[in-house]
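Any read-out appearing in this document is the output of simple, stated calculations on the displayed coordinates, not a laboratory observation. Keep in mind the model is a prediction, meaning the values are calculated, not measured.
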Amino acid sequence: MKLESPTSRRLAALLRAKLPHGVTFKHNDMSTKGIPDLSVTHAGRTIWVEAKYVDELSRISDRCVKIFPARDVDGIQWEHLRKMGGNGYLAVYTPLGVALTRVSGYRESVASLRLALEPLETVAGRIVAIVKRREE
């Protein structure tokens, strides 16, 4: 959790700078479990981003890792993202970089995720592009 918060703050700041006419909230209500860490709204579309710091991962290459949702993502958080109709995303912070993936399917049905790692600024740009599109 210690490493998630500063990175989430940096991501929120990047999103606000890249999307000045949108609204980015960093949610940090510790008493309400399952609310994603960030919401980003632009032109009537909102996407939700849950941030997870994962240091126990399988390195596939210098820019690609494998994570295990059943171990790395809380069940209620995954389920809320899944129910968001294609608007729920998981940002995975690792010691090697950051990955972004849309959440779909039940957590138990996803044995592992192979994720491409990118710099945080690139992930912020991808989030902006997603929220600006009406469909993916």
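Taking a cut-off of 18 Å between Cα atoms, list the lysines near residue 18, but don't count ones fewer than 8 places away on the same chain. Hits, sequence-local ones excluded: 26, 132. Pairs of alpha carbons in region 7-58 separated by more than 17 Å make up 41% of all such pairs. Between 0 and 90 degrees, the angle of helix 4-18 with respect to the longest Cα principal axis of the chain falls at about 40 degrees.
Once you compute Rg and the Kirkwood Rh from C-alpha atoms, what is the Rg to Rh ratio for region 92-136?
Working: Rg = 12.2 Å, Rh = 12.0 Å.
We get a ratio of 1.02 for region 92-136.
In terms of its Cα atoms, the chain spans 38, 31, 29 Å along the principal axes, sorted from long to short.
Here the Karplus curve 6.51 cos²θ - 1.76 cosθ + 1.60, taken at θ = phi - 60°, turns the phi angles of region 112-117 into couplings of 8, 10, 9, 10, 8, 8 Hz, with x standing for Gly and Pro.
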